[in-house]
Structures are given as C-alpha cells and as structure tokens.
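Below is one structure; the comments refer to it alone.
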Amino acid sequence: MKILLVITKSEIGGAQVFVLNLARSLKRSGCDVEVAAGDGNYLFGELQKDNITFHYLNSLKRNFSVLNSFYFIYDLYRLLKANRYDIIHLNSSNTLIGAISSFFLTKRPKAIFTFHGLSFLDKNYQANFFFKMLANFYYKLLLNTVDQVVFECNLNYKEVKEAGMVKNAEVIYNGLDEKEMNFLSEKDARIYFSEKCGLDLTDIFLIGSTGRLIYQKNYDFLIHNYLRIKEKIPNAKVVIVGDGPDRENYEGLIQKLRIQNDFFLVGELKNSHQYMKGFDVFTLSSRYEGVSISLIEALYAGIPILASNVGGNTDVVGNSQDQLFVLDDFDDYISKLEDIKRNREAIIKFNASLKQRFSLDSMMNHYKHLFEELNK
C-alpha cells in the first residue's frame with residue numbers, strides 16, 4: 001500500500017510532528033509512505049533520518065490565494081500521476097483542495113482529510129461574516145470530494161456534524177511514542193531555562209507553554225494577566241517556547257507592562273518537549289485547538305496541565321475540570337492554578353492514567369486500519 005501524506009508547511013509545529021510520527025510508524029509497519037509539503041526545513045530533515053521520500057511543493061503556501069490553489073491542484077496532480085499512490089492523506093485546510101487533483105487520474109487514489117483543529121470554522125476564530133461564509137462554503141464543497149474525514153477530538157466532530165458538513169467521520173486521537181521521548185530531569189531542565197532567561201529560576205513557580213506565537217494560542221491573555229497572577233503567586237514566572245508572527249507585538253506588550261524579568265519568550269527549540277519537566281505547570285490558553293501535541297507531551301512529561309476548555313483540550317485531560325478553565329476567564333484561571341499548586345501530586349497521578357489513550361501505536365493502528373479498509 002503506497003501512501004502520500006500532505007501538509008502545508010515543513011516548519012516545526014504540532015501538525016508537522018503528527019505527520020512525521022505517522023510516516024515513521026507506517027513505514028515501520030511495512031507501508032510504502034512518502035510526504036509532500038511546502039516551505040520549511042524541519043520535516044524534511046527529520047524524514048531524511050528514516051529514508052522517507054519527501055516532495056517539496058512550491059505551490060503549498062500558508063496564506064490562501066486562488067492562484068496558488070490552482071497551482072497546487074496541478075502540482076499535486078503531477079505528483080499523483082507519476083507515483084500511483086493508493087492513499088492520499090491531506091492534513092491542513094490549504095491541502096484539502098488537493099483532493100480535486102485525483103479526479104483527473106484514470107486510477108484515483110482514496111483521499112482522507114484530517115482536521116487538525118477547525119481553524120476558520122471554529123466559533124472563536126476571528127473573522128468577518130463574509131470570510132466565515134466563504135470558509136463554510138469551501139469546506140462544505142470540498143469535504144464531499146474526499147472518501148473519509150477524520151477529527152482529532154470529539155468536540156470538533158460534533159460542531160462540524162451539527163453544521164451539516166459531514167454525516168459520518170472518525171475520531172482518532174494524536175499519539176506519541178513514549179520510548180522516543182527523552183526528557184531532561186526537572187533539575188537539568190530548570191538549569192537550562194535559567195541559562196536561557198539569564199535568571200536563577202531554582203525556587204520559582206514556573207508556568208510554561210510551547211506553541212507558535214499566533215492569535216490562536218492566545219498568549220496575550222497570559223501577558224495581560226501576568227501581574228494579577230503574581231499577586232496571588234508572588235514567585236510565579238512564565239516561559240513560552242516558540243516563535244511566530246506575533247512575537248514583536250508580544251515583546252512590546254511585555255516591555256510596556258515592565259515584566260521582562262518575569263515573562264520570557266525563549267524562541268523556537270528543537271525537541272522542545274525534553275525541557276518540559278522544568279515547568280511546574282504546563283498551560284495552554286488557546287482560543288481554539290484540535291488535539292495539541294504539546295499538551296500530550298505534557299502528559300508524558302508528568303506535569304500538571306491548565307488549558308482552556310476548547311477543542312481537544314478536554315479530551316487530553318480526561319475531562320478533568322481541575323485542569324480546564326473557561327476561555328479568557330481570569331478568575332477561573334487563577335482559581336484553578338492555585339488548586340493545581342496545592343494538589344500537584346494527585347493531578348500528576350491522574351494524568352499518568354491517560355497516557356495510553358494518546359500512544360503512537362494506537363494512532364498508527366487506527367489510521368492503518370482506515371487506509372486498508374478504503375483500499376479494499
């Protein structure tokens with residue numbers, strides 16, 4: 001069975017980690033798997049280590065345009081025609097239109113699309129009415145061109161089904177391989193962050209997060225409310241691992257609030273999960289999510305979580321209300337944070353029982369079974 005996984009960008013990110021892990025595990029199970037993506041070096045470099053064929057598609061761009069879309073349809077068509085895949089697996093909103101490419105082939109491969117969060121469709125996505133209407137039309141039209149739709153979490157599936165865009169779909173949780181997750185000890189990770197921040201963080205209550213610095217991740221919520229957090233937890237500081245287009249705005253806001261010695265943007269780190277044990281709590285303030293890879297990494301790191309009650313965050317923490325806060329509600333956030341500080345060990349023990357739901361073997365087996373059923 002020959003499989004092509006397609007994603008918009010090759011940079012470091014949750015969806016890219018998903019594609020990388022799925023490609024590796026499918027290859028180890030005996031599948032012939034290849035990956036196609038646009039700009040970025042991370043995914044290409046990692047796939048090379050496993051001798052997985054990578055196709056760079058210049059037509060794949062994060063910013064949507066009609067011209068690029070037609071270029072991508074043609075680009076993907078040429079790739080499909082030359083390689084005769086049995087399955088094409090599309091993994092981002094901009095790749096969904098690629099399903100049209102297969103209709104020009106004599107032998108059409110089966111097409112699967114996975115929602116990694118709802119993006120434009122999410123109720124918390126900020127856009128005008130006209131844009132939202134176009135996004136709804138885009139998905140309603142193109143979801144009918146794929147053979148199977150997959151969601152990462154139950155809430156996303158429920159919302160799209162209620163909107164009448166899909167009738168039947170599958171929910172397959174993202175998964176990670178615990179054997180390949182090499183965490184630094186709490187002490188060593190804390191030393192690393194101390195050096196990175198230029199400050200001794202030994203006796204600090206460290207709130208941490210990893211993610212792109214973009215609107216979706218809602219890090220401005222943490223920045224705006226940091227001084228209120230410090231009122232309740234005087235030794236609290238925040239470290240955000242990641243980069244993105246909102247970095248300059250966030251740095252300006254941090255300077256304006258004079259919290260540059262308390263709130264640190266340390267940039268993008270390869271294999272950032274290995275430093276997670278240095279956090280006292282992992283927080284995710286997102287406005288919308290699928291199933292966050294970094295949240296699963298926090299489960300495996302054995303640290304408490306405090307996440308907004310959106311998308312797949314609820315699934316990852318097993319609907320533990322102790323680790324969920326109402327989006328943008330600071331009073332709920334600080335109340336839960338103080339509870340976590342008091343009950344840290346009990347929460348860590350509870351989270352340990354959830355890890356198996358998000359194993360790489362489970363994820364790969366579900367996808368492989370799906371591919372095999374479609375390929376009959």
- prompt: Relative contact order for the range 95-171: what is it in percent, counting Cα pairs under 8 Å that are at least 6 residues apart?
  reply: 35 percent
task: Please identify every one of the trypsin sites (Lys or Arg not before Pro) in the range 64-104 that sits in a loop by DSSP and has no more than 15 other beta carbons within 10 Å of its own beta carbon.
output: R84
- prompt: Over the chain, what is the mean sequence separation of C-alpha contacts under 8 Å (at least six apart), divided by residue count, expressed as relative contact order in percent?
  reply: 15 percent
statement: The distance between the Cα centres of the range 179-220 and the range 1-73, in whole Å, is 28 Å
- request: Among the trypsin sites (Lys or Arg not before Pro) in the range 184-281, which ones are in a DSSP loop with at most 13 other Cβ atoms within 10 Å of the Cβ? Mind listing them?
  value: R258, K270
field: Cβ-Cβ FRET estimate between V66 and N144, R0 fixed at 22 Å, reported to 0.05
entry: 0.65
statement: For H273, the accessible surface traced by a 1.4 Å probe with all protein chains present amounts, in square angstrom to the nearest 10, to 30 Å²
Reachable lysines, given that their alpha-carbon falls under 19 Å from the alpha-carbon of K81 and they are not under 8 places away in the same chain: K2, K107, K110
task: Run the numbers on the range 236-367 and let me know its relative contact order in percent, using alpha-carbon pairs under 8 Å that are six or more apart.
output: 18 percent
- prompt: Setting aside same-chain residues fewer than 8 positions from K376, which aspartates and glutamates have a Cα under 14 Å from its Cα?
  reply: D86, D147
field: the chain, helix-only ellipticity at 222 nm - DSSP H runs n ≥ 4, -39,500 (n - 2.57), divided by all residues, nearest 500
entry: -12000 deg cm²/dmol
- prompt: Just how far, in whole angstrom, is the range 274-332 from the range 80-154 if you go by their alpha carbon centroids?
  reply: 27 Å
task: Taking the chain as the reference, fit the longest principal axis to its C-alpha atoms, fit the long axis of helix 247-256 to the helix C-alpha atoms, and give the angle between the two in degrees, 0 to 90, nearest 10.
output: 20 degrees
task: Grab the Cα-Cα distance for K107 and S320, subtract it from 0.36 nm times how many residues apart they are, and report the gain in nm with one decimal.
output: 71.9 nm
task: Sort H116, H224 by accessible area with a 1.4 Å probe, largest first.
output: H224, H116
message: Could you report the chain's accessible area per residue, 1.4 Å probe, as an integer in Å²?
response: 44 Å²
message: Heavy atoms of the protein only, probe of 1.4 Å, neighbouring chains included. What is the accessible area of Y215 in Å², nearest 10?
response: 70 Å²
field: Of K179/K349; K196/K355; K187/K349, those spanning more than 25 Å from alpha-carbon to alpha-carbon
entry: K196/K355
- request: Specify the angular offset, from 0 to 90 degrees and rounded to the nearest 10, of the alpha carbon long axis of helix 129-142 from the longest principal axis of the alpha carbons in the chain.
  value: 50 degrees
- request: Please work out the FRET efficiency for the pair K167 and R78, using the Cβ-Cβ distance as r and a Förster radius of 35 Å; give the result to the nearest 0.05.
  value: 0.60
message: Between T53 and S194, what's the calculated FRET efficiency when r is the beta-carbon distance and R0 is 51 Å? Round to 0.05.
response: 0.75
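The values are calculated or read from the model by the stated rules, or taken from the named source; none is laboratory data. On a predicted model such as this, the values are computed, not experimentally measured, just so you know. Quick reminder, even Gly has a Cβ in these numbers, built from the backbone with ideal geometry, and neighbours come from all protein chains shown. All accessible areas refer to the heavy atoms of the entire protein, side chains included, with ligands and DNA or RNA removed. Shrake-Rupley method; radii C 1.70, N 1.55, O 1.52, S 1.80 Å.
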